[in-house]
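Have a look at the structure below before the remarks.
The values are calculated or read from the model by the stated rules, or taken from the named source; none is laboratory data. Every value quoted in this text rests on a predicted model; they were computed, and no experiment measured them. When we count neighbours, we look across all protein chains shown, and the Cβ atoms used for this are built from the backbone with ideal geometry, even at glycine.
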Amino acid sequence: MWQVLLLAAVLVWLYAPVLGHLIGQWSHDPNFSHGFFVPAFSLFVLWQDKGRLASLPLRPAWSGLVLLLAAVGILTAGVLGAELFLARFSFLLAIGGLVVLVYGWNHLRMAVFPWLFLLFMIPIPSIIFNQITFPLQLLASKVAAVTLPLLGVPVLREGNVIQLPAMALEVAEACSGIRSLITLVALGVAWAHLMLPRFWMQAVLVVSVELEEILSLADRILVMFAGRIVGEVPAGRADERTLGLMMAGAQAQEAGA
């Protein structure tokens, strides 16, 4: 047991700067403040499943040491290359390796949801974030450039900048909605795991976390269930209860649409 405690202490020492910087980002960047919730929820899920975990036989596997060495290698590459995502991701790999080394693969499989849920606490890499947000910024600016002339407002669009007669407006990263979407998806996954018994129900909820935005932007909404369209609802008559029933298989008439 002392070997395990020593290994855990070494991991804490190795990852202290990485985790300290990550917690600092949660504290100072409101876009990632949900990071405090993520590990707390993972621990809560483990506590809920403590009975089932305790009933599993111990099957320590040396392959966990391979995961630990891989985690240290990724950590080194992330630190030397100043790539925060790699360094932070390696911490999750180290946790998985330690579990396999001490308890076995059966325990990691049982705890796979809270382990993978920890991914939500790591901000996505800037290079990926920019690849996603900039096309969305351009899309929003194009929609505005098409819509405003219909309202009698002359517009000249240059990239994501909209030139109005009296001012220039920039469609910024915050307008893409990606940051809020990450938080909403994390909360949706957590709620679905606790409240919905089947995976397809959980998937439906996670996909529909932006339902309010859909209702505000769409004229009519088509709802699918099991690969087929079960109804079409005017946005003005749609609400969360009606759409939820239809996503669970009810026809439009049965859902009250």
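Observations on the structure shown:
- When we screen VAL155, VAL102, VAL146 for residues that are out of contact with any helix residue (DSSP H, G or I) (no Cβ under 8 Å at 6 or more places or on another chain) and either surrounded by 18 or more Cβ atoms within 10 Å (Cβ to Cβ) or over 27 Å from SER27 (Cβ atoms) (or both), the only hit is VAL146.
- When ALA203, ALA172, ALA186 are checked against the criterion of being closer than 23 Å to ALA111 by Cα and modelled with pLDDT under 75, a single residue qualifies: ALA203.
- Criterion (out of contact with any Leu (no Cβ under 9 Å at 6 or more places or on another chain) and in a helix (DSSP H, G or I)) met by exactly one of LEU93, LEU86, LEU138, LEU68: LEU138
- Flag if VAL10 is more than 23 Å from PHE117 (Cβ to Cβ), at pLDDT below 85 and touching a helix residue (DSSP H, G or I) at 6+ places or on another chain (Cβ under 6 Å): no
- Residue in the stretch 112-132 that is within 22 Å of ILE182 (Cβ to Cβ), touching a residue at least 60 places away in the same chain (Cβ under 8 Å) and β-branched (Val, Ile, Thr) present: yes
- You will find that of PHE37, PHE32, PHE41, the residue that is under 24 Å from LEU187 (Cβ atoms) and at pLDDT 90 or above is PHE41 and no other.
- Test result for LEU116, more than 25 Å from the chain's Cα centre (by Cα), in a helix (DSSP H, G or I) and surrounded by fewer than 18 Cβ atoms within 10 Å (Cβ to Cβ): no
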